[in-house]
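Participant: Below is a structure I'd like to ask you about.
Read-outs: derived from the displayed coordinates by stated rules, not from any lab. Just so it is clear, the structure is predicted and the values come from calculations on it, not from any experiment. Please note: Cβ atoms are built from the backbone with ideal geometry, for glycine as well, and neighbour counts cover all protein chains shown.
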Amino acid sequence: MKIHVLFAVTLLVASGHALSETFEVGQQNKEFTAKALDIKVGDTVKFTNNDPFFHNVFSLSDAAMFDLGSYPKGESKEVKFEQAGEVQVECAIHPNMQMTITVK
Ligand SMILES: [Cu+2]
């Protein structure tokens with residue numbers, strides 16, 4: 001009996017995990033490689049710096065407030081989006097760098 005319950009819980013966790021995806025957004029030529037991205041609650045976005053200088057990634061949006069700091073070429077950082085809404089993503093070093101992530 002106990003074994004059956006454990007097995008069911010494991011299956012639920014495994015299937016829930018398989019449904020969430022990771023998207024990659026680069027930073028190249030002082031632009032985000034996607035201007036707009038639609039994702040689901042629970043998805044992750046990986047921001048990779050492809051430029052030979054530092055970029056930052058931050059958001060002041062209610063749906064996801066974060067500041068990943070500044071990091072050099074080849075490094076990436078991830079954000080998991082837990083709440084539905086529109087998220088404006090910016091770079092503190094280059095004010096023209098902006099993108100919108102819509103979390104549904
Ligand atoms: Cu930048």
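Participant: Which of the chymotrypsin sites (Phe, Trp or Tyr not before Pro) found in segment 35-104 are loop residues per DSSP with 14 or fewer other Cβ atoms within 10 Å of their Cβ?
Facilitator: Phe53
Participant: Give me the percent relative contact order of segment 20-103, please, defined on Cα pairs under 8 angstrom at least 6 residues apart.
Facilitator: The normalised contact order for segment 20-103 reaches 33 percent.
Participant: Ok, one more. Are there any GluC sites (Glu not before Pro) in segment 52-88 that are in a DSSP loop and have at most 11 other Cβ atoms within 10 Å? List them by number.
Facilitator: Those satisfying the criteria are Glu82.
Participant: On to the next question. Which trypsin sites (Lys or Arg not before Pro) in segment 22-79 pass both tests, a DSSP loop state and at most 13 other beta-carbon atoms within 10 Å? Mind showing how you got there, number by number?
Facilitator: Working: sites: Lys30, Lys35, Lys40, Lys46, Lys73, Lys77; in loops: Lys30, Lys35, Lys40, Lys73.
In loop regions of segment 22-79 (DSSP not H, G, I, E or B), the sparsely surrounded trypsin sites (Lys or Arg not before Pro) are Lys30, Lys35, Lys40, Lys73.
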